[in-house]
Amino acid sequence: MIFLNTSSLLIMMYVLKVKPLTSVYLNSLEIFNELMFFVCSCAIIAFTDYGPPPVEVMGEEVDTTVDENEMRTYVGWSYIGVSCLIILISMGGLIIISLHAIYSKIKEKCEERRRIA
């Protein structure tokens, strides 16, 4: 897990410094995706059985599994929400770029027909 987080941070630093992609939008999208990957990889620890030892209240052990299960449920839904956000932003940008390209082609064809006529 440390390797995943470190590699994600290194990739973000590389993209911020070098800007290897062709447009500002693609570089920004890559940074956003890496940031979300970093957040999701940090949240993975919540799905493990690792946790604090059982708590004693007034000499009796308190079962914390209910709280842990509830926390895992919230983290799981957050994980799903972040994944959906990534998909929506990536697909939304792709749709906008595609619509803009289609509009440009149609406009170009219309101007070409006006010149001919």
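The values are calculated or read from the model by the stated rules, or taken from the named source; none is laboratory data. In this text the structure is predicted, and so the values were computed from the model without any measurement. All Cβ positions, glycine included, derive from the backbone under ideal geometry; neighbour counts span all protein chains shown.
Odds and ends about this structure:
- Residue that is modelled with the lowest pLDDT, among those in segment 44-87 that are hydroxyl-bearing (Ser, Thr, Tyr) and part of a helix (DSSP H, G or I): Thr65
- Scanning segment 3-30 for residues that are without any contact (Cβ under 8 Å) to a residue 12 or more places away in the chain and surrounded by 13 or more Cβ atoms within 10 Å (Cβ to Cβ) turns up Ser7, Tyr14, Lys19, Leu21, Leu26, Ser28.
- Filter result for the condition that a residue is within 19 Å of Gly92 (Cα to Cα), under 13 Å from the mean Cα position of the chain (by Cα), at pLDDT below 90 and not aliphatic (A, V, I, L, M), over Phe32, Phe37: Phe37
- Pairing residues of segment 31-50 that are among the hydroxyl-bearing types (Ser, Thr, Tyr) with residues that are part of a helix (DSSP H, G or I), at Cβ distances under 6 Å and at least 6 apart in sequence or on separate chains, gives Ser41/Leu4; Ser41/Asn5.
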